[in-house]
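Peer 1: Here you go, one structure.
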Amino acid sequence: MLKIYADEENEEKYVEFQSGKELIQIPVSKLREVLELAEKEVHSEVWFDKNVFDDGENT
């Protein structure tokens, strides 16, 4: 489960979740940056096979 909260001093928003026994807190602004980057840069294995590892081109 995710919890979203605002810091009491500066109102910065955080996402909080449990990972094993650890409590993880990530600023929403940093999470947004990572998600925007992932939208552009993360691809499936099939995409890499078609766009990066073209066997016909590399032999």
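Peer 1: What single numbered condition from (1) at pLDDT 95 or above; (2) loosely packed, with under 10 Cβ neighbours inside 10 Å; (3) β-branched (Val, Ile, Thr) fails to hold for Val28?
Peer 2: The single condition Val28 does not satisfy is (2).
Peer 1: Within the chain, considering only strands (runs of 3 or more DSSP E) that don't extend past its boundaries, which have at least 3 residues that are at negative phi and touching an Asp or Glu at 6+ places or on another chain (Cβ under 9 Å)?
Peer 2: Once the strands (runs of 3 or more DSSP E) in the chain are filtered for at least 3 residues that are at negative phi and touching an Asp or Glu at 6+ places or on another chain (Cβ under 9 Å), what remains is 3-6, 22-27.
Peer 1: Turning to a different aspect of this structure: How many of the residues in segment 24-48 are among the charged types (D, E, K, R), more than 12 Å from the chain's Cα centre (by Cα) and closer than 20 Å to Lys13 by Cα?
Peer 2: Here the count works out to 0.
The values are calculated or read from the model by the stated rules, or taken from the named source; none is laboratory data. Everything quoted here is computed from the prediction, not taken from an experiment. A quick note on method: Cβ atoms are made from the backbone with ideal geometry, for glycine too, and the neighbour counts reach across all protein chains shown.
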